[in-house]
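A short write-up of the structure that comes next.
Read-outs throughout are calculated quantities, based only on the coordinates presented, and are distinct from any laboratory measurement. Nothing here was measured: the structure is a model prediction, and the numbers come from that model. Every residue, glycine as well, gets a Cβ built from its backbone with ideal geometry; the counts of neighbours run over all protein chains shown.
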Amino acid sequence: MSRWLPRIYLMLVYALLYVPILVLIIYSFNDSRTGYRWGGWSLRWYQALFDNHAMVQAMWNSLWLALAAATVSTVIGGLTALALHRYQFRGKQALRGMLFVVMMSPEIVLAISLLAMFLVVGLQLGFVSLLLAHVTFCLPFVVITVMARLSGLDERLLEAARDLGAGEFTTVRTILVPVMMPALLAGWLLAFTLSLDDVVVSTFVSGPSYEILPLRIYSMVRVGLKPEVNALGSLLLVFSLAMLVLSQFILMRNKR
Amino acid sequence: MNQTLLSLRGISKHYGGRAVLKALDLDILDGEFLTLLGPSGCGKTTLLRLLAGFERPDSGTLTLSGQDITSIPPERRPLNTVFQQYALFPHLTVAGNVAYGLRMEKRPEAEIAQRVTEALAMVQLAELAERKPHQLSGGQQQRVAIARAVIKRPKLLLLDEPLSALDYKLRRQMQIELKRLQRELGITFVFVTHDQEEALSMSDRVVVLRDGEVQQLGTPREVYERPTNLFTARFVGETNLFPATVKAINGDRIALDVRGLSRDLRKPTFQVSVGEQVNVLLRPEDIRVLAADADYGFAGTVIERNYKGSTLDSLIRLEDGNEVLASEFFDEDDPAFDYSLGEQVRVSWVDGWEWMLPVANGDAAGALDG
């Protein structure tokens, strides 16, 4: 009995985590029109999904946005982490603290303040406003990921490079960036995922010219759960898993 | 050999108000193996970093072969460093690490390949060229670090406690190998260590540092046998100290009262006057342990004995409470040679094997331990 109790408990926890996902995947292959009854296997909702041009367009929009947001925040975040790690300057602690403020503050606050700012400067809501907003909330995550790697960096590596004749810039290019690469990739993937499934901030700062997937799904669900959403969810899951495996693979290969 | 390669004049360095190096003067000779020896915090690593260019002195000049290099950055100094924890580039292979310096010089790839092969052959790592540093053992990483540092044929190689991470046996082996490399390459080595045994066995000259000041500069033999002060004496090896009073001076001999016993010894090189205190220093291997019924020497009791393989080390407490460490070689004629704890003995030494130092202000007993 005492041996089984922990196992049953563990199974319950995992069931709670995975059963909904499993249900989603199974029902994405459900032939029935109503979401609750099983009507046999079918790929019709995948078909319907790809026939829905607005949906496919939203998917592409989301991917492009996530790609751009992840890349921009990795470049800015990588350099920020480098500056915070390498150099001593006035206000360094404040700058570091402010990153955490952005990370910890409620998303809704960030969303409202971004919207207010975009309205003040008169920016048309669309791709640019979304990109700026996504870079804003992705940035702290990238900085923290990269800084964690840098804090474990042996300073002597950089001294060794200079000792062997490399100038400041060459040292960064040939030693620092390669050593930071796994963290940069991890930060990029994190930013990509964050951007891809953001709803709250995006709701506020997107405009009719650029519809993205999470908002599209959200509006679909509001008028009733369509089985297409199950198919879309399953595809996103497979995509996320692929990204996860990829990132783990990269980290494993670059270990040490 | 005897030409000055690098000379330091009045080098000082402060960290947060604390003087790490105090107006240090030093001449490093071309082709020599020079060791900077001292306890941690003596400034030896700072001195090495100043030579490499990672630190700038607060004042003073560094002159390399007549050229002032004080403000030249590390990447443009013709000297290279072997770092304490090796600092191998983790993302590059062994060959990539070794080639790095030549790549920075933008040498043609064919030349790089050839010189890397030579350098790896020199440290006996030719077959591991494509490995990554984390796939190597500590000793192998050490060799890569050395190959990487010597491939640019520097005038001077700086080694920052390069053997401290290795186990005893490997360390002995690397000591011999480093000496061989230094002979073969003809490069001047500046070697930092806190291990006096390593310093004595490897160096042509030893610089003993303490609190940012040179205590003594000399050959290992000079430093060990003729230390200029108590600090050096104690740092480079075990020392027995006998305080003594000068009773009389007769030509080149002086009569001393050593703990109540009279000894007639050679006059030291420094000035002495009658009634003055001097310290008589003896290394444990210069101590002679005699039977209790001997008619001279200090009476005492054996309170500890350590079998060291080739020697027997014994600690003897004298009647006045002071302790003397004696290290005696085993005598083949007397295989049973040993002491029992509590055994009564007498302690003496052969005339002329002692070394005398004046009693200086800072030499209060106990103040210089460690």
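Structure data summary
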read-out: Rg over Rh, two decimals, the stretch B:108-203 (C-alpha only, Kirkwood Rh); value: 0.97
read-out: Equivalent ellipsoid semi-axes, the stretch A:117-256, via Cα gyration tensor eigenvalues times 5, rooted, Å; value: 39, 21, 10
read-out: Prolate/oblate/rounded label for the stretch B:36-100 (Cα gyration tensor, a/c 1.5); value: oblate
read-out: Ranking of B:Ile28, B:Ile249, A:Ile175 by count of other Cβ atoms within 10 Å, fewest first; value: B:Ile249, B:Ile28, A:Ile175
read-out: Principal-axis tilt of helix A:107-121 within chain A, Cα atoms, nearest 10 degrees; value: 70 degrees
read-out: The stretch A:1-152: C-alpha gyration tensor shape, a/c 1.5 cut-off, then a/b vs b/c; value: oblate
read-out: Dipole in debye (nearest 20) - the stretch B:52-145, about Cα centre, beta carbon charges: Lys, Arg +1; Asp, Glu -1; value: 120 debye
read-out: In degrees, nearest ten, helix A:4-28 long axis to first principal axis of chain A (Cα); value: 70 degrees
read-out: Residue of A:Val142, A:Val102, A:Val245 that the Gaussian network model of chain A assigns the largest fluctuation, springs spanning Cα pairs under 10 Å; value: A:Val245
read-out: Excluding exposed DSSP-loop chymotrypsin sites (Phe, Trp or Tyr not before Pro) (at most 15 other C-beta within 10 Å), longest clean stretch of chain A; value: A:90-256
read-out: Charge sum, other residues only, whose C-beta stays under 15 Å from A:Glu155's C-beta, Lys/Arg counted +1 and Asp/Glu -1; value: -1
read-out: Most mobile listed residue (B:Gly186, B:Gly275, B:Gly300) in chain B, GNM with C-alpha springs under 10 Å; value: B:Gly275
read-out: Alpha-carbon Debye profile of the stretch A:177-225, log10 I(q)/I(0) at 0.31, 0.32 Å⁻¹; value: -1.11, -1.14
read-out: Kirkwood Rh in Å, taken over all unlike Cα pairs in the stretch B:1-125; value: 16.7 Å
read-out: Cα gyration tensor shape of chain B, rounded if a/c is under 1.5, else prolate or oblate by comparing a/b with b/c; value: prolate
read-out: For chain A, the fraction of alpha-carbon pairs in successive 10 Å shells from zero, as %; value: 6, 22, 27, 23, 14, 6, 1, 0
read-out: Between helix B:138-150 and chain B: long-axis angle, C-alpha atoms, 0 to 90°, nearest 10; value: 70 degrees
read-out: Largest to smallest principal axis extent of the C-alpha atoms in the protein assembly as shown, angstrom; value: 120, 73, 50
read-out: Candidates B:Arg56, B:Arg253, B:Arg226: whichever shows maximal mean-square fluctuation once chain B is modelled as a Gaussian network with Cα springs under 10 Å; value: B:Arg253
read-out: Neighbour net charge for B:Phe191 - beta-carbon separation under 12 angstrom, K R +1, D E -1; value: -3
